[in-house]
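Report on one structure; see the data block that follows.
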Amino acid sequence: MLDTKEMLKMNKAGWDQVADQFFEGSFDDFRYGPYAPTESQLNLLGDIRNNVILEVGCGSGHSLEFFAKNNASELWGVDLSGKQIKTAKSVVSAYDIPIYFIESSMEDIPGLPNNYFDKVVSIYALGWTVDLKKTLSNIFRSLKPRGEFIFSWEHPIHTKLAYENNRFIINGSFLKEGPETVIWREVPVVMHRRKVSTFVNELINAGFVVDQIIEESTIPENDQSNPERWYSGDRAKITPSTLIVKSHKV
Ligand SMILES: C[S@@+](CC[C@H](N)C(=O)[O-])C[C@H]1O[C@@H](n2cnc3c(N)ncnc32)[C@H](O)[C@@H]1O
């Protein structure tokens, strides 16, 4: 069994290797993930003008770019992968607001200020944490009172579905949690399995008030996706692909 340092080392090496496959394009409507409703449908972020915003697991920086385009006043991005941070820096380089990057694990973020951010977001990154308690406590302390934390992640029930012989089946227990070393996109990484209730209960334990949980699918009318793919319209018809949770600090 690997310790947390070893897990992070493995995941950092893995993410540096696959980073090129995750360079998102720019978007005008904020996206929470595959087959998820968008910001214009959900209005979770609300008005971000003059907001100071942190993205945890900022990847290639396209969410930060959206915030910059929509008049946030200051942005911070944290990511484990130096390769992702390098791309993110170039994606937001044209914007004339302070944008700071920290190449670090979200479990231990050096230089992260206390009581500073209006909003913290994490899009398809929080579930990568090897220590959910520590990560949530970092996010909590970094938020101003009444600051908001919005995250999205692959819905844990989606993760349990497999497509075999023209039908979806449950592949393993939804109840089994903990780290698993897997080969993902041809690299070894450690993924943690967590239930929806674990995310929500840990938010509550960290001091957050949970405002809204979204487990909906939005499937384009012209969706022609192959049901054998990891994300598909057929799969999203029977389970949400994306879990979104909005919470705040009192
Ligand atoms: C699926 S990508 C999402 C990136 C971005 N938020 C987006 O929506 O495009 C997940 C990101 O989490 C980062 N990551 C994984 N484990 C991490 C950790 N423990 N601490 C910080 N970042 C991590 C990866 O390097 C990767 O950039």
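The values are calculated or read from the model by the stated rules, or taken from the named source; none is laboratory data. On a predicted model such as this, the values are computed, not experimentally measured, just so you know. With ideal geometry, Cβ positions are generated from the backbone for all residues, glycine too; neighbour counts draw on all protein chains shown. Surface accessibility is based on the protein's heavy atoms, side chains included, excluding ligands, DNA and RNA. Shrake-Rupley method; radii C 1.70, N 1.55, O 1.52, S 1.80 Å.
Being among the hydroxyl-bearing types (Ser, Thr, Tyr) and more than 9 Å from the ligand (Cβ to nearest atom) is the filter here; which residues of region 118-145 pass it?
Let us first name the residues in region 118-145 that are among the hydroxyl-bearing types (Ser, Thr, Tyr), namely 122, 124, 129, 135, 137, 142.
Correct list: Ser137, Ser142.
Looking only at residues that are among the aliphatic types (A, V, I, L, M) and touching an Asp or Glu at 6+ places or on another chain (Cβ under 9 Å) in region 49-67, which one is nearest to the ligand (Cβ to nearest atom)?
Val56
Only one of (1) exposed (fewer than 15 other Cβ atoms within 10 Å of the Cβ); (2) within 15 Å of the chain's Cα centre (by Cα) fails for Asp47. Which number is that?
(2)
Quick check on my filter: what residues within region 91-117 are open to solvent by 50 Å² or more (accessible area, probe 1.4 Å), in contact with a Ser or Thr (Cβ under 9 Å, 6 or more places away or on another chain) and away from the ligand (no atom under 12 Å from the Cβ)?
Pro98, Pro110, Gly111, Asn114, Asn115, Tyr116
For Ala72, all conditions in the list (1) near the ligand (Cβ under 9 Å from one of its atoms); (2) surrounded by 20 or more Cβ atoms within 10 Å (Cβ to Cβ) hold save one; what is the number of the exception?
Ala72 satisfies every listed condition except (1).
Out of the residues in region 212-228 that are of a type outside the set (Val, Ile, Thr) and without any contact (Cβ under 8 Å) to a residue 40 or more places away in the chain, which is most open to solvent (accessible area, probe 1.4 Å)?
Glu221
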